[in-house]
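Have a look at the structure below before the remarks.
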Amino acid sequence: MSCSAPFTSLEGFRELSTLGKGAHGSAHLVERLADGERFVVKKIGLASLSEREVAVAQREVTHLMQCSSPHVVKYYGSFTNEHT
């Protein structure tokens, strides 16, 4: 899987399916329209979280960014928007 730039939005992607849902978020299979490459996007509704829960989510992103292992899913980027 190759990715030339970090994601900054879901523009240019289409959602194929919802893979799972949890207490604060959901995982979705998406396809990049430019080349058909598939990715999993985790959506978290930050507005419904406490400050502590937002901090935990931010730490998870930091850990994913730093992780490099053949046994862990590759992290490509994160972003926030006003609609989630």
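The values are calculated or read from the model by the stated rules, or taken from the named source; none is laboratory data. Here the structure is a predicted model, which means the values were calculated and not measured. Counting neighbours? That spans all protein chains shown, and the Cβs are built from the backbone with ideal geometry, glycine included. Heads up: the accessible areas ignore ligands, DNA and RNA and are worked out on the full protein's heavy atoms, side chains in. Shrake-Rupley method; radii C 1.70, N 1.55, O 1.52, S 1.80 Å.
Quick notes
- Residue list for the range 60-84, restricted to those being hydrophobic (A, V, I, L, M, F, W, C) and either surrounded by 12 or more Cβ atoms within 10 Å (Cβ to Cβ) or at pLDDT 85 or above (or both): V61, L64, M65, C67
- Output for the range 48-59, where each listed residue is surrounded by fewer than 14 Cβ atoms within 10 Å (Cβ to Cβ) and either within 13 Å of the chain's Cα centre (by Cα) or in a loop (DSSP other than H, G, I, E, B) (or both): S50, Q58
- Inter-residue pairs, beta-carbon under 9 Å, first closer than 16 Å to L46 by Cα and in the range 62-82, second modelled with pLDDT under 80 and part of a loop (DSSP other than H, G, I, E, B), 6+ apart: S78/P6; S78/F7; F79/P6; F79/F7; F79/T8
- Test result for S2, of a type in the set (S, T, Y), under 11 Å from the mean Cα position of the chain (by Cα), at pLDDT below 90 and open to solvent by 50 Å² or more (accessible area, probe 1.4 Å): no
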